[in-house]
1. Take each of the peptides 294-301, 179-186, average the number of other beta-carbon atoms within 10 Å over its residues, and list them starting from the highest.
2. Per-residue HN-Hα couplings for the stretch 257-267, Karplus 6.51 cos²θ - 1.76 cosθ + 1.60 at θ = phi - 60°, whole Hz, x for Gly and Pro?
3. Leu142's amide H: which non-local residues (gap 5+, or another chain) put their own amide H closer than 5 Å, with H modeled 1.01 Å from N in plane and none for Pro or chain starts?
4. At a 10 Å Cβ-Cβ cut-off, how would you order Leu62, Leu129, Leu234, fewest neighbours first?
5. Indicate, rounded to the nearest 5 percent, the antiparallel portion of the DSSP beta bridges found entirely in the chain.
6. Whose amide H sits under 5 Å from the amide H of Phe108, counting only residues 5 or more places off or on another chain, with H placed in the peptide plane?
7. To the nearest 10 degrees, how steeply does helix 290-302 sit against the main Cα axis of the chain, on a 0 to 90 scale?
8. Treating cross-link reach as a plain straight distance, find the aspartates and glutamates whose alpha-carbon is under 17 Å from the alpha-carbon of Lys32, omitting any fewer than eight places away in the same chain.
Amino acid sequence: MIKQTAALVLSLIATAGLVGCGEGSPGGPLTKVSLQLNWFPEPEFGGFYEAQRAKLFEEAGLDVTLLAGGPGVPAVQMVASGRVPFGIASADQVVQARAQGVPVVALFAVYQTSPQGIMVHASSDIQDLAGVFAPRDPTLTLAVQDLPYVTWLKSRYDFSNVREVAYQGGVSQFVHDKDYAQQCFVTFEPYAADFAGAPARSFLIADSGFNPYAGVVITREDYLKNNEAICRKLVDAMREGWARYLQDPGPANTLMLPMNPGETAESFVKASTRQIDLIQTDAGLGTMTLDRWQTLIDQMVKVKLIPQTIDAAACMKTFANE
């Protein structure tokens, strides 16, 4: 993860961007806003594309542009700088940003259980996350990025038993090395490995106790203060979009697939199915709780991902499902 100091990020606040203004209303002029994704269009964003496809944003008085992401797209920094009013992040990114004085706020959390995981070869004897870090001969290679969950894992497991290397993306190295494990989204890379002839077994990082919300829609404090009605309308439309997508992902998948030529219709179907339990809970779509944020903050302080505690309530703004 690229970490930026508050001074660097806040110096960008004056940058002109794609921001919404006015309130918009059904039947009247639409308020133009943009949502910066942090990856290419795929099922993890399915509810947003369904809201666009089904004109739910339009019905809410909004003209929403979904901006595709990809490697190196700094969605958090783009929101912080004012280049876009909304973006996608993870809850731990929000906490790190706020600890650096960057005033971003979470509005909606797609994933109630983080899809981040570690995958190993199905032919191995590794049956759980702890098994990844057990001594073995030959030593297991583990490809990961410098992300908060890795710091958390290092506080719980013995990384001296694995050969840690930088994750480069894709599954090509995994496919060709049976003693290789890597980070993954459990909704995607394991299926890519299976398709390539190297069946995979995956374990959720959340099972270790570190479970930040993922697919979090964020904005800036000042934008929220000045445009709360727009934020509410956006959240309501996204919630309905996700409800429809989870019921029938086909139409939105058809819309997204040409935008992501590296994937297949089959992989989209599998990802759509796998992620349902990670998104849908009794609490309702997109919901967040103060306790979850506080737990995350306490964990990040404990492993020195942030220097001191921050206000959990300031990390989020919730809108009732009306």
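1. For the peptides 294-301, 179-186, the packing ranking is 179-186, 294-301.
2. Ordered by residue, 3J(HN,Hα) equals 3, x, 7, 9, x, x, 10, 10, 4, 5, 5 Hz.
3. The answer is Arg163, Glu164, Val165, Ala181.
4. Leu129, Leu62, Leu234
5. The antiparallel fraction comes to roughly 55 percent.
6. For Phe108, the qualifying residues are Val217.
7. 50 degrees
8. Qualifying aspartates and glutamates at Cα under 17 Å: Glu23, Glu58, Glu59, Asp63, Glu228, Asp236.
Coordinate-derived values only; no laboratory data. Small disclaimer: the values here were computed from a predicted structure and weren't measured. Every residue, glycine as well, gets a Cβ built from its backbone with ideal geometry; the counts of neighbours run over all protein chains shown.
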